[in-house]
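A.B. asks: Take this structure first; my questions come after.
Values in this text are rule-based calculations from the coordinates and carry no lab data. Every value quoted in this text rests on a predicted model; they were computed, and no experiment measured them. Neighbour counts run over all protein chains shown; Cβ positions are idealised from the backbone, glycine included.
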Amino acid sequence: MYDIIIIGAGTAGITAYQEAIKHTQNILIINDGSWDTTCARVGCMPSKVLISAAHRLHDLQETDKVGLNIKAQVDTTQVMPHVRALRDHFTQATLKEVESWDAQHKIQGKAEFIDAQTVQVNQQQYQAKAFILAVGSTPTYDAEWKQQLGERLITSDQIFELDAIPKSLAVIGSGVIALELAQAMQRLGCDTTIFARSRRVGALTSPDLQQLAQELLSNELKIKFEVLPQNVRKIGNQVKLEFSEQGQTQHLMVDYVLVATGRRSHLDSLNLQQIDSQFGNLKELPIDPQTKQLGNYPIFVVGDAHTSTPIQHEAAHEGRGAVHNCLNYPKLKSLKDLTPLSIVFSQPEMAIAGQSYKQLKNKNIDFVIGKVSYERQGRAMVLAKNKGAVEIYIDKRTRQLLGAELFVKSAEHFAHTFAWLIDEGVTLDELLAKPFYHPTLEEGLRTALKHARRQLRD
Ligand SMILES: Cc1cc2nc3c(=O)[nH]c(=O)nc-3n(C[C@H](O)[C@H](O)[C@H](O)COP(=O)(O)OP(=O)(O)OC[C@H]3O[C@@H](n4cnc5c(N)ncnc54)[C@H](O)[C@@H]3O)c2cc1C
């Protein structure tokens, strides 16, 4: 009997293995498919490479805003090969790490439970004292649409395999993945249309920042809010989408349809009902939100397989922590102890650090909002990036920094700083006593902090 069996070798599973091996050699990791992680193969990394090319091109096309006149000759034929080359670099690094592991510890295949202590892979059964389920998730799409459109319907799993930037694209969805990929494609010269079920774009929960994001992004992207295609049909090498807008039936012809409407957990592949008949209903699995324990079993579900925060560093953190919950069982620790931090690599970037506007409202916390617009912020104007805004949330009673939502250039860096400062429990007054170099984007944050302080004086 193994000490731990880890199922799934993505970010969470690999991190769990790396942690477990420090404590025991009596472990097994089972993985279906490739061992190079969703993040490196079809997620974080290739998307960021594509986005980097797109934003660089966009900057070149906007040089008039800094007094330059550059006529760039644009050739995007090398973008997709570049995305794959760099993606391969990242996946190879992961595969090299996995190759260095003891072959006895690894099994290729799909695992499913026989009972609470036994899993089956390739007709062989294996038992463990504890399990870590790190099976991740997969993009969802309408099976009928797929049948209609064949290879013309793509998800984030296929987009990085395209030979070239398509001439036109319809993106279904306006969440984080949809927005990042749609803006990148549009900036790379692909005529992109987003179909959004609601008016929400990206991840911001503040109504004012959401409104601003909708307005700003609509200047650049064709976003059909509250419109979804009713019919799709393949005509030759194109897709015809039929939708209703302002009471009229409209059509759009595109090269590809990118469906980015969400992801489904792979937990359904594990036959969890063999552990407990009630576990057949995946929507109501009794998974402790803190310890990630499944029911009363020494089984822990980590990463994208079951989460409201499908992000890489949380998957890794949970994978690492779950090992200790397995080894110290039944003494359990919370795996959800990181200060929240999420980033959308749109331009301007979106980010949330600490508690979001919505979380604070839902908890009825008494807080003030320090706001700053970057439209006339000195450094942002110098950089010709004077768009967006930031909100900083301060507890009225303790004056502590609770969270921030950002829609501005460099939000990825500001959000880290905010998350780290929230960890330290800093107050508004301590923040305002810090140095702010001139002229920097950070000075805008001081404006927001002062705005918060004025409200606390009232
Ligand atoms: C396009 C895109 C962009 C993203 N960008 C970012 C970003 O910028 N920043 C960020 O933080 N996050 C980003 N993410 C999210 C991030 O990639 C995920 O949070 C992370 O990869 C989750 O890791 P995981 O270990 O839970 O799952 P995965 O890496 O998906 O690993 C799960 C593994 O389990 C295997 N498996 C499934 N079922 C079984 C079974 N029954 N038996 C054995 N093995 C099984 C799978 O084949 C897979 O190998 C992005 C995701 C996408 C799709």
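A.B. asks: Kindly put 232, 135 in sequence by how many other C-beta atoms sit within 10 Å of each C-beta, fewest to most.
C.D. replies: 232, 135
A.B. asks: With equal scatterers on the alpha carbons only and no solvent term, can you work out the Debye log10 of I(q)/I(0) for region 189-338 at 0.19 1/Å?
C.D. replies: Once normalised to I(0) and log-transformed, intensities are -1.09.
A.B. asks: Just tell me which lysines come within less than 16 Å, Cα to Cα, of residue 333; anything on the same chain fewer than 8 places away is out.
C.D. replies: By straight Cα distance, residue 333 reaches 292.
A.B. asks: Between 190, 267, 359, whose Cα lies farthest towards the positive end of the dipole of the chain when Lys and Arg beta carbons carry +1 and Asp and Glu beta carbons carry -1, centred on the Cα centre?
C.D. replies: 359
A.B. asks: Further question on the same structure: Only four residue types carry charge here, +1 at the Cβ of Lys and Arg and -1 at the Cβ of Asp and Glu. Report the dipole size of region 1-99 about the Cα centre in Debye, rounded to the nearest 20.
C.D. replies: 240
A.B. asks: So, one more: Farthest toward the dipole's positive end in region 369-458, which of 448, 427, 406, given Cβ charges of +1 (Lys, Arg) and -1 (Asp, Glu) about the Cα centre?
C.D. replies: Most positive-ward Cα: 448.
A.B. asks: Right, next: Amide H of residue 194 versus every other amide H placed in the peptide plane: which residues, excluding those fewer than 5 positions away on the same chain, fall under 5 Å?
C.D. replies: Hits under the 5 Å cutoff: 171, 222, 223, 224.
A.B. asks: Compute the relative contact order of region 341-457 as a whole-number percentage, counting only Cα pairs closer than 8 Å that sit 6 or more residues apart in sequence.
C.D. replies: Taking the mean separation of contacting Cα pairs over the length of region 341-457, I get 32 percent.
A.B. asks: If you don't mind, there's one more thing I want to ask. Per-residue HN-Hα couplings for region 415-429, Karplus 6.51 cos²θ - 1.76 cosθ + 1.60 at θ = phi - 60°, whole Hz, x for Gly and Pro?
C.D. replies: So the Karplus estimates, Gly and Pro as x, are 5, 4, 4, 4, 4, 5, 5, 5, 4, 7, x, 6, 9, 4, 5 Hz.
A.B. asks: Here's another thing I want to ask about it. Kindly provide the Kirkwood hydrodynamic radius of the chain in Å, to one decimal, from all pairs of distinct alpha carbon atoms.
C.D. replies: 24.1
A.B. asks: Could you give the size of the charge dipole of the chain about its Cα centre, using +1 on the Cβ of each K and R and -1 on the Cβ of each D and E, expressed in debye and rounded to the nearest 20?
C.D. replies: Magnitude of the dipole: close to 1020 debye.
A.B. asks: Please work out the C-alpha center-to-center distance from region 384-417 to region 285-330 and express it in whole Å.
C.D. replies: About 29 Å separates the Cα centre of region 384-417 from the one of region 285-330.
A.B. asks: Now, a different point. Apply 1/(1 + (r/R0)^6) to the Cβ-Cβ distance of residue 271 and residue 231, taking R0 = 45 Å, and write down the FRET efficiency to the nearest 0.05.
C.D. replies: 0.75
A.B. asks: Taking square-rooted eigenvalues a ≥ b ≥ c of the alpha carbon gyration tensor, is region 148-271 rounded, prolate or oblate, where a/c under 1.5 means rounded and, failing that, a/b exceeding b/c means prolate?
C.D. replies: It is rounded, given that a/c, with a ≥ b ≥ c, falls under 1.5.
A.B. asks: By its C-alpha gyration tensor, with a ≥ b ≥ c as the square roots of the eigenvalues, how is region 144-186 shaped: rounded for a/c under 1.5, else prolate for a/b larger than b/c, else oblate?
C.D. replies: oblate
A.B. asks: Here's something else I'd like to know. With +1 assigned to the C-beta of every Lys and Arg and -1 to the C-beta of every Asp and Glu, and no other charges, what is the dipole magnitude of region 143-259 about the Cα centre in debye, to the nearest 20?
C.D. replies: Dipole magnitude for region 143-259 comes out near 260 debye.
A.B. asks: Also: Can you give me the distance in nm between label points at residue 362 and residue 104, each placed 7 Å from the Cα along the Cα-to-Cβ direction?
C.D. replies: 4.7
A.B. asks: Rounded to whole Å, give me the distance from the Cα center of region 194-230 to that of region 79-147.
C.D. replies: One Cα centre to the other: 34 Å.
A.B. asks: Same structure, new question: Order of 318, 430 from fewest to most other C-beta atoms within 10 Å?
C.D. replies: Ranking 318, 430 by Cβ neighbours within 10 Å, fewest first, gives 430, 318.
A.B. asks: Now for a separate question. Identify all lysines with a Cα-Cα distance to residue 146 below 29 Å; exclude those on the same chain that are fewer than 8 residues away in sequence.
C.D. replies: Partners within reach: 48, 110, 167, 222, 224, 234, 240, 283.
A.B. asks: Related question: Can you find, among 173, 217, 248, the residue sitting farthest towards the positive end of the charge dipole of region 143-259, where Lys and Arg contribute +1 and Asp and Glu -1 at Cβ?
C.D. replies: 248
A.B. asks: Sorting 297, 17 on the 10 Å Cβ count, fewest up front, what's the list?
C.D. replies: By the 10 Å Cβ count, ascending: 297, 17.
A.B. asks: Let me have the 222 nm mean residue ellipticity of the chain computed from DSSP H runs of 4+ only, each contributing -39500 (n - 2.57), with the sum over all residues rounded to the nearest 500.
C.D. replies: After summing the helix terms and dividing by residue count, I get -10000 deg cm²/dmol.
A.B. asks: Return the sequence-ordered ³J(HN,Hα) values of region 294-302 in whole Hz as given by the Karplus equation 6.51 cos²θ - 1.76 cosθ + 1.60 applied to θ = phi - 60°, using x for Gly and Pro.
C.D. replies: Working through the residues one at a time gives 8, x, 10, 9, x, 10, 10, 10, 10 Hz.
A.B. asks: To continue, here is another question. Rounded to the nearest 0.05, what FRET efficiency is calculated for residue 68 and residue 211 with R0 set to 41 Å and r the Cβ-Cβ distance?
C.D. replies: Once rounded, the FRET efficiency stands at 0.80.
A.B. asks: For region 384-458, report the convex hull volume of the alpha-carbon atoms normalised per residue, in Å³, without decimals.
C.D. replies: Dividing the Cα hull volume of region 384-458 by its residues yields 88 Å³.
A.B. asks: Suppose the Debye formula is applied to equal point scatterers at every Cα of region 33-155; what is log10 I(q)/I(0) at q = 0.10, 0.15, 0.16 Å⁻¹?
C.D. replies: Normalising to I(0) and taking log10 leaves -0.57, -0.97, -1.03.
A.B. asks: Residue 371: which lysines have alpha carbons under 20 Å from its alpha carbon, excluding same-chain residues fewer than 8 sequence positions away?
C.D. replies: Within the straight-line cut-off, residue 371 pairs with 358, 361, 385, 387, 396, 409, 434, 450.
A.B. asks: Quickly work out the residue 240-to-residue 376 label distance, labels modelled 7 Å from Cα along the C-beta direction, and quote it in nm with one decimal.
C.D. replies: Using points 7 Å along Cα→Cβ, the separation is 5.2 nm.
A.B. asks: From the phi of every residue in region 335-343, what ³J(HN,Hα) in whole Hz does the Karplus formula 6.51 cos²θ - 1.76 cosθ + 1.60 yield, where θ is phi - 60° and glycine or proline is x?
C.D. replies: Per-residue couplings from phi come out as 9, 9, 10, 8, 4, x, 8, 9, 9 Hz.
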